[in-house]
Each structure stands twice: as C-alpha cells, then as structure tokens.
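Structure record follows, encoded as structure tokens.
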Amino acid sequence: MTSLVVTGLAQPWQPAAVGSRNAGLDVARAAAILLVFLAHTTSFFTAGWPRLQLSFDQFGQMGVELFFSLSGFLIGGLLIRLARGGLDAGGIGRFLARRWLRTLPLYYAVLTVVCLWIGRFEWRPYLLMQNFGPFDQRILTVSWSLVMEEYFYLFFPLLMAALGAMSLQRCRGAGCVATAAAGLLLGCTAARVAHLLGYLPIPAENFQYHPFYRLDCAAWGVLAACMAARWPGIGAGLQGWRGALAAAISLGGIGGLNAMFLHLPDPAFQLAIGFPNWGFAWLATEQSLANLTWAVLVVALWANPGAVPAPLRPGIGWLSLLSYSIYLVHLPIVSATERHAAALGPTLRFLVVVGLTLGVSGLTYAAIERPFLRLRDRLVPG
C-alpha cells in the first residue's frame, strides 16, 4: 500500500489516489529502485571512466536515501495510528509483526538461495548483524540498507513508549511521533559528531552503515508524515505549481549534494573550501541532509498523484510493486552474469540482467511476497 491515510482529523485532506495506490509515491519508489539498479549495472559501460562510475555510484547511494525517506513517510502514518491507539506491548508487537512479515520472508529466501549458490553460510545476516562487520565480506551486500530499516522499525516504537513513560501525559498522536523523530535526529547527529571527534570510539568500519549511528535514517520521512497529519492543508497547498517548485528545489538540492560528494575526494578541493576545519560537521550530516531533501520531494509527489500521466501509471505502478524484489535479487544476478555472461559484451549483458531481474522479481513477488502479505493480513490484521 503506498497511500498515506491520516485519521482522527477534522476533514483531513487526502490526495486523489489512482485505484488503491498513490501514483506520486509510486514514482518515488520506482525512481529509487532505478537509481540503485543503474548504479550496479552502469559499470558494464564505464570501464576506463572512473569518475563517471563514481557519479553513478553516488546516485545509487542517493536512491537508497530516497528509499529511507519514502519508507519513513509511509511508516510515519502507521506510527501515528500506533500512538493514537496506545503504545502498549500488544500494539507495538502487532506493528513489528506486520513489518517483519512484510520484509523478512523474501529477504531470508533470497539470502538462503545466495548462500547455497556460493556455498558459504554465515550466521550474521540471518540475525541482521552484517552491518557490524567488514563490508567487503558480506553476503547479499545490498541488504545493508534493509538492516538499517529493521533497526529503525524496532527501536522507534520503543523510543515513543519511553517518551510516554517519562511524560506526565501519555504519548499520543503526531506530536509524540514528531518528538521521537526529532530526538532521534539530534541524538544520532550528536553521536556521529562525537565519533568523528574521537569521543565515542564505538568500532565502525564506516559509521554511515552502522545501525545505531544512523538509526535516524527514516526520521525525516516520519517528520514529513507528522506535518501532513497535523496540518492537512500542506497537501492541498503543494498541489500544482507549488508542488512542482518543491520538487525542483529538492532535485536541485540532491544535485548539489551529489556534486559535493564527487569533488570531496580531491585534496585540492578540500583545501580550497577549508574542509579540514569543518569536515566533521559535513560527514556527520551529509546523509541526513539527503534524507531531508528527498522528504521534500516525497511530500510533493504525494500531494500531486494526478500529475503522473495516465499512460505511464501502469508501468510505474508495476515497477513500484516489484521494487522490493528487484532490490534483493538484482545484485546476485549481476554477479552471476559476471561469472557466466561477461563475454556477451556490455549491452547484451545489461539486457540479460534487466530481463532476468524483472522475471525473477515477478516470480518472487508472486510466490513469496504476495502470499506472506495475505498471511500477515490474516494473522495480524492492521
């Protein structure tokens, strides 16, 4: 489901949805998976062009951050309803059960197939602990971002419950969720700064992939959902040219961030901008800035589903529907073609990867994702 439904408000504004889906959010999800997919397949064509490949790699990272912001926006609506219903153990348990039945069955299925294929099993990926080890030794490397989201799902409701326990009034509604999200952003940013300055020496190969340093990965999206819930006029106000302007500002900001990422490896550029003096602040906030910038785009797309041309909606909706399967299976397929189809040449190999990815994703969605979604709705109605 890709529509945000805000309940409990006086005449809440909701964007017009296409069927049971919000076409604008479908665009966001399709764009995110395309950025990630292209980052892992453009290397077929960029041999001898390392700077060009670096650009595609950075856009792939931006695609992951878009996924985080979109996920936070959608989960934000669920967290608001959870807070309104009472943050008891039963409510949090149902929230987690629904999240895990949505994400983990396909993950474990693909992980097991990959382990069988390479003839190597490790316990860490099955316990979602692979982000605490060396990146180059991970099995199913794309799952690092799934791990980040799973930790977010687990700890965010607990943080909300802790806020409720510490306050004189019970933690309810969008205000409670927004407070938790803001606290998480401030706390994680402070932890990253402390780590970079040497005051918090928690072992981390790269703290940007460490679940606890980046527990705020989806927090900006959650804050956007809270704003949409508290001020329904935001959705109506972002329709038309205002939404287009917000989207343009967001994309311009992402372009600026990506340009910064591309130039920072150059020592001369670092000296020219005085990076050694303030670099710790940039490194502590760069991914969070990307999440904030993408959250603006997500809200603009959510508010303007009718702007998506009708002929494009079925294809975008289909790509959005398969996005989680594509995310999990595409990189193992890229690796398989490197071993067995590298001699085909870049163009034909790319087409083979596209065909196999779409085919396998369709099968895994039909055989695993959809049945478990139905099972979830039977076992844990929500």
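The values are calculated or read from the model by the stated rules, or taken from the named source; none is laboratory data. The model shown is predicted, which means the values in this text are computed figures rather than measured ones. Please note: Cβ atoms are built from the backbone with ideal geometry, for glycine as well, and neighbour counts cover all protein chains shown.
With the stretch 233-321 as the region, which helices (runs of 4 or more DSSP H) entirely inside it contain at least 2 residues that are modelled with pLDDT of 90 or more and within 30 Å of ARG370 (Cα to Cα)?
The helices (runs of 4 or more DSSP H) meeting that bar are 275-303, 313-321.
Take the residues in the stretch 229-245 that are closer than 25 Å to LEU79 by Cβ and of a type in the set (Gly, Ala, Ser), then tell me which one is surrounded by the fewest Cβ atoms within 10 Å (Cβ to Cβ).
GLY233
For the stretch 123-142, does any single residue satisfy the condition of being at positive phi, touching a Pro at 6+ places or on another chain (Cβ under 7 Å) and not small (Gly, Ala, Ser)?
yes
Check the stretch 190-212 and report whether any residue there is closer than 22 Å to TRP294 by Cβ, touching a Phe, Trp or Tyr at 6+ places or on another chain (Cβ under 7 Å), outside any helix (DSSP H, G or I) and aromatic (Phe, Trp, Tyr).
No: zero hits.
Considering only the stretch 352-372, state which residues are over 15 Å from ALA109 (Cα atoms) and either of a type in the set (Ser, Thr, Tyr) or surrounded by 12 or more Cβ atoms within 10 Å (Cβ to Cβ) (or both).
Result: VAL352, VAL353, VAL354, LEU356, THR357, LEU358, GLY359.
For residues in the stretch 246-294 being more than 19 Å from GLN58 (Cβ to Cβ) and in contact (Cβ under 8 Å) with a residue 40 or more places away in the chain, which is surrounded by the most Cβ atoms within 10 Å (Cβ to Cβ)?
Looking at residues that are more than 19 Å from GLN58 (Cβ to Cβ) and in contact (Cβ under 8 Å) with a residue 40 or more places away in the chain, I get ALA247.
Being in a helix (DSSP H, G or I) and buried (at least 21 other Cβ atoms within 10 Å of the Cβ) is the filter here, so list the residues in the stretch 79-98 that pass it.
Hits for the stretch 79-98 are LEU79, ILE80, LEU82, ALA83, PHE95.
Considering only the stretch 8-17, I want to know if a residue exists there that is touching a Ser or Thr at 6+ places or on another chain (Cβ under 7 Å), at pLDDT below 95, of a type in the set (A, V, I, L, M) and part of a loop (DSSP other than H, G, I, E, B).
Looking through the stretch 8-17, at least one residue is touching a Ser or Thr at 6+ places or on another chain (Cβ under 7 Å), at pLDDT below 95, of a type in the set (A, V, I, L, M) and part of a loop (DSSP other than H, G, I, E, B).
If you check ARG29 against the conditions, is it farther than 23 Å from LEU358 by Cβ and either modelled with pLDDT of 90 or more or polar (S, T, N, Q) (or both)?
no
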